[in-house]
Amino acid sequence: RERLSWDVDPTTYAAIRRLWISHSRAEDARDLPGLIATLSDDCVYEIVPTGQRWAGHAGARDFYTSFLGAFPDVKFDLQDIVIGPQGVCEEADVTGTHEAAWLGFPPSGERLIWKVVIFFPWDPAKKKFSGERVFMTPESLLG
């Protein structure tokens, strides 16, 4: 409830939007240092349906190394986005060739398509994202 009371102001909105754009560009460029630079040192990555979590910058590196290794040609097609003082929520259609194991699913070698909703919580003290909460259907990785 405390997060709901955060005021919306143009300066914070602009900072959050800029950081999300930096994060997205770094991901598209496979720029791991650029991705990590958008995250607080205590960030947490979570795949909500499975409960899998990665903590801290080391965890974020492991998450991205595993994910981008499993889907080296991954593309996010942004469908919708909401930016507020609590962070960013995006909906995207994702495509990628499943070339390595991920989330316990063996590689299928097939090009997969799935929907994802990702919440990037904003840490106002650190002015970075405190990770990602990923909502998707893990069964979509079965090919």
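Only the coordinates and a few stated rules stand behind these numbers; no lab work does. Here the structure is a predicted model, which means the values were calculated and not measured. Every residue, glycine as well, gets a Cβ built from its backbone with ideal geometry; the counts of neighbours run over all protein chains shown.
Our coupling estimate for the stretch 23-29, obtained by passing each phi through the Karplus curve with A = 6.51, B = -1.76, C = 1.60 and θ = phi - 60°, is 4, 5, 5, 5, 5, 4, 8 Hz, Gly and Pro reported as x. Angle of helix 56-70 to the longest C-alpha principal axis of the chain, folded into 0 to 90 degrees and rounded to 10: 40°. Other residues with beta-carbon under 13 Å from the beta-carbon of Ser24 carry, at +1 per Lys or Arg and -1 per Asp or Glu, a net charge of -1. Counting only aspartates and glutamates at least 8 places from Lys126 when in the same chain, those with an alpha carbon closer than 13 Å to its own are Asp41, Asp42.
One Cα centroid belongs to the stretch 76-94, the other to the stretch 6-44; the line between them spans 12 Å. Using the Cβ of Phe120 as centre and a radius below 15 Å, the other residues enclosed give a net charge of 0, where K and R count +1 and D and E count -1. Taking percent of Cα pairs over 22 Å apart as the quantity of interest, determine which of [x] 46; [y] 37; [z] 32 was computed from the displayed structure. The value matching this structure is [y].
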